[in-house]
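A.B. asks: Can you read through this structure? Questions will come right after.
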Amino acid sequence: MQELLNDILEEVKPLVGQGNVASYIPELAKVDPNQFGIAICDTQGKVTTAGDANTGFSIQSISKVFNLVLAYIYYGNSLWERVGCEPSGLPFNSLVQLEYENGIPRNPFINAGALVITDMVHSRLISPHVALRDLVRKLSGNPYILADVDVAESEFEYRARNAAMSYLMKAFGNFHNDVEEVLHTYFMNCAIRMSCVDLARATQFLANRGFCTITKNEVLSGDQSRQVNALLATSGLYDEAGSFAFKVGLPGKSGVGGGIIAVVPGRFSICVWSPALNKMGNSMAGVAALESLTRHIKWSVY
Ligand code: GLN
């Protein structure tokens with residue numbers, strides 16, 4: 001495994017730093033683009049790494065996976081009454097479908113969907129962000145994980161699009177709590193800092209039919225974990241989900257911090273990170289690294 005990761009690192013080196021770091025969140029624009037890390041966690045919990053795998057970064061939309069886990073815990077399958085399970089084929093922050101689909105977002109991995117899920121969790125918990133932070137601490141085995149308040153505040157200042165989506169959903173009756181409060185939680189969740197090692201460990205349950213080897217407990221049922229993987233495969237990379245399936249062929253979730261988690265069901269979870277993004281908001285070197293990985297292991301879910 002170590003040799004495999006070293007080979008991937010060598011292969012993607014020329015791509016590291018290519019693309020652009022997310023600048024619509026000013027605090028993220030300060031990150032050095034010339035970084036790359038990869039970590040793999042197998043179903044026994046053994047971690048293998050290469051590059052900057054222990055450097056913390058803003059997990060951004062990868063938080064949507066853990067947010068969905070909280071919704072499963074508090075709502076079970078009834079969560080699907082307020083959010084769909086179809087790919088959107090549109091950018092993560094698009095508003096257009098919401099209007100003609102009556103305020104029901106296509107899936108939990110676009111912003112509108114994650115905002116509805118955050119709203120749902122708000123209805124059940126007093127401190128929804130603390131619940132999410134504690135969940136990732138527990139799953140990764142790292143008790144020091146925190147949100148970067150500067151990133152969250154920077155995003156709150158530029159919240160217009162996410163606020164617009166939330167108010168539109170409120171107008172359709174699909175948003176129950178105070179918009180500004182829910183946005184605050186959503187941005188704090190996105191601003192959580194984790195490393196590739198933390199994220200590979202925290203998503204290992206998805207490779208293990210819902211069972212986390214680190215905490216030795218069932219995070220999701222086998223059926224729910226299969227559903228999450230299916231959604232990750234169809235919607236985890238927004239409008240690049242099709243070509244990601246074509247090139248990589250694994251369930252995956254990206255974030256504008258440059259991280260991508262991916263799952264090889266039954267074998268291992270992976271996290272790659274490199275901050276410079278392509279036009280669709282996904283890590284350029286990260287996508288290339290995962291493409292190289294599935295080529296090397298000669299396996300994909302397809
Ligand atoms: N916090 C970001 C946003 O809401 C997350 C987007 C992402 O990582 N794709 O715009």
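A.B. asks: Sort out which residues of the range 244-255 are surrounded by fewer than 24 Cβ atoms within 10 Å (Cβ to Cβ) and either part of a strand (DSSP E or B) or among the aliphatic types (A, V, I, L, M) (or both), and write them in order of number.
C.D. replies: Passing the criteria: only Ala245.
A.B. asks: Does the range 50-65 hold any residues that are surrounded by 22 or more Cβ atoms within 10 Å (Cβ to Cβ) and either in contact with a Ser or Thr (Cβ under 8 Å, 6 or more places away or on another chain) or within 26 Å of Gly173 (Cα to Cα) (or both), and which are they?
C.D. replies: Ala53, Phe57, Ser61, Ile62, Ser63, Lys64, Val65 - these are the residues of the range 50-65 that are surrounded by 22 or more Cβ atoms within 10 Å (Cβ to Cβ) and either in contact with a Ser or Thr (Cβ under 8 Å, 6 or more places away or on another chain) or within 26 Å of Gly173 (Cα to Cα) (or both).
A.B. asks: Tell me, which residue of the range 42-66 that is closer than 30 Å to His176 by Cα and of a type in the set (A, V, I, L, M, F, W, C) is farthest from the ligand (Cβ to nearest atom)?
C.D. replies: Phe66
A.B. asks: Scan the range 266-287 and give yes if some residue there is in contact with a helix residue (DSSP H, G or I) (Cβ under 9 Å, 6 or more places away or on another chain), outside any strand (DSSP E or B) and over 26 Å from Pro91 (Cβ atoms), otherwise no.
C.D. replies: Yes - at least one qualifying residue is present in the range 266-287.
A.B. asks: Further question on the same structure: I need the full set of residues from the range 122-145 which are free of Cβ contacts under 8 Å to residues at least 24 places away in the same chain and not aromatic (Phe, Trp, Tyr), in order please.
C.D. replies: Ile126, Ser127, Val130, Asp134, Arg137, Pro143
A.B. asks: Please give the helices (runs of 4 or more DSSP H) falling wholly within the range 141-243 in which 2 or more residues are more than 24 Å from Tyr302 (Cβ to Cβ) and either in contact with a helix residue (DSSP H, G or I) (Cβ under 9 Å, 6 or more places away or on another chain) or within 12 Å of the ligand (Cβ to nearest atom) (or both).
C.D. replies: 149-157, 160-171, 179-190, 196-202
A.B. asks: Surrounded by fewer than 24 Cβ atoms within 10 Å (Cβ to Cβ) and in contact with a Leu (Cβ under 6 Å, 6 or more places away or on another chain): which single residue out of Leu125, Leu139, Leu168 fits that description?
C.D. replies: When all the criteria are applied, what remains is Leu168.
A.B. asks: Still on this structure, please answer the following. In the range 114-129, what residues are of a type outside the set (Ser, Thr, Tyr) and either closer than 30 Å to Asp42 by Cβ or not in a helix (DSSP H, G or I) (or both)?
C.D. replies: Selection gives Ala114, Ile117, Leu125, Ile126.
A.B. asks: How many of the residues making up the range 67-124 are within 13 Å of the ligand (Cβ to nearest atom), small (Gly, Ala, Ser) and touching an Asp or Glu at 6+ places or on another chain (Cβ under 8 Å)?
C.D. replies: Summing the residues that are within 13 Å of the ligand (Cβ to nearest atom), small (Gly, Ala, Ser) and touching an Asp or Glu at 6+ places or on another chain (Cβ under 8 Å) in the range 67-124 gives 1.
Just so you know, all these numbers are worked out from the coordinates, no wet-lab data involved. Note that the coordinates shown come from a computational prediction; the quantities given were computed from them, not determined experimentally. In this analysis, Cβ positions are derived from the backbone assuming ideal geometry, glycine residues included, and neighbour counts consider all displayed protein chains.
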